[in-house]
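K.L.:
Take a look at this one; I'll ask things after.
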Amino acid sequence: MSQQLGRVERPSADQYKNKRKLLMVPLLQPVPSIDDEGTQVLNRYWDQVDSQLQNLQTQMGNISIAYCENLPGGGEEGLEQLKHVDENASNVLSNIISSGAELQSIEDIELLSELIDLQRFLTVPISSEKVASRMQEWYSESSKTRYENIAKVIDETLQPDLVGLILAGERHQIQFPQDIEVFYVAPPALDEFHKWIQQWLARRQEELSSRINAQSEESSDAPPD
């Protein structure tokens, strides 16, 4: 069962006593060529995440173990890896770890590397429909295996009556064990980010269309050979 926090009444500690609890925070991917407005929204989002996590710990107990999708390493090594990719997320996890939590790796490096390679292959145009179909099947199977492994690691490491934290993409397909109560942490700035990303994509599309139209007009105006 998954519950959303940030828009509902906070849970009491007694309500979930003796149950494994997992706080899930959407891991927003860094946006290339992000503008000042987008940077402010992301900063605000992670500030609100940090504040909500601190408040939740006063009611549910301290977070004992933390996980992060796409992060091969754990401990200080994993934190350093994340810092180079997403400093905001790294700062939030650093605060949690400084309070006594352990950063546990949930990624199998071979499974993650395989999926990354397949994602790259799928961005290349493929002329054979048969090859394209098999590549997509391979990708789906690899993704399924990876998520099953992530769920297995969480099940093995999140001990009874403890609170865990996971940073995961909004489109993740992790099937959490049924005896884990999952709480979805959704601060107000999450909606702000969704609105901003839609506007950003629309602007990028308009800019691309304008360049294509300009190139087309230049070609039509060019004198014949």
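K.L.:
Would you tally the residues in region 47-65 being at pLDDT 95 or above, hydrophobic (A, V, I, L, M, F, W, C) and outside any strand (DSSP E or B)?
P.N.:
Qualifying residue count for the region: 2.
K.L.:
What are the residues in region 66-93 that are small (G, A, S) and either in a helix (DSSP H, G or I) or open to solvent by 30 Å² or more (accessible area, probe 1.4 Å) (or both), if any?
P.N.:
If the condition is that a residue be small (G, A, S) and either in a helix (DSSP H, G or I) or open to solvent by 30 Å² or more (accessible area, probe 1.4 Å) (or both), then G75, G78, A89, S90 are the ones that fit.
K.L.:
What's the total number of residues in region 119-166 that are of a type in the set (F, W, Y) and either touching a His at 6+ places or on another chain (Cβ under 9 Å) or crowded, with 16+ Cβ neighbours inside 10 Å (or both)?
P.N.:
Matching residues across region 119-166 total 2.
K.L.:
While we're looking at this one, here's another question. For residues that are modelled with pLDDT under 90 and open to solvent by 60 Å² or more (accessible area, probe 1.4 Å), tally how many sit in region 23-46.
P.N.:
6
K.L.:
Now for a different question. Which one of the conditions (1) within 22 Å of L93 (Cα to Cα); (2) free of Cβ contacts under 8 Å to residues at least 12 places away in the same chain does V153 fail to meet, given that it meets all the rest?
P.N.:
Against the list (1) within 22 Å of L93 (Cα to Cα); (2) free of Cβ contacts under 8 Å to residues at least 12 places away in the same chain, V153 comes up short only on (2).
K.L.:
Just checking, how many residues over region 135-168 are closer than 26 Å to L118 by Cβ and either assigned to a loop (DSSP other than H, G, I, E, B) or of a type in the set (G, A, S) (or both)?
P.N.:
Residues flagged as closer than 26 Å to L118 by Cβ and either assigned to a loop (DSSP other than H, G, I, E, B) or of a type in the set (G, A, S) (or both) within region 135-168 amount to 5.
K.L.:
Scan region 169-188 and give yes if some residue there is acidic (D, E), under 19 Å from P30 (Cβ atoms) and crowded, with 18+ Cβ neighbours inside 10 Å, otherwise no.
P.N.:
No, region 169-188 contains no residue that is acidic (D, E), under 19 Å from P30 (Cβ atoms) and crowded, with 18+ Cβ neighbours inside 10 Å.
The values are calculated or read from the model by the stated rules, or taken from the named source; none is laboratory data. Predicted, not measured: the structure shown is a model, and the values here were computed from it. Positions of Cβ are backbone-derived with ideal geometry, glycine not excepted, and every protein chain shown enters the neighbour counts. Surface accessibility is based on the protein's heavy atoms, side chains included, excluding ligands, DNA and RNA. Shrake-Rupley method; radii C 1.70, N 1.55, O 1.52, S 1.80 Å.
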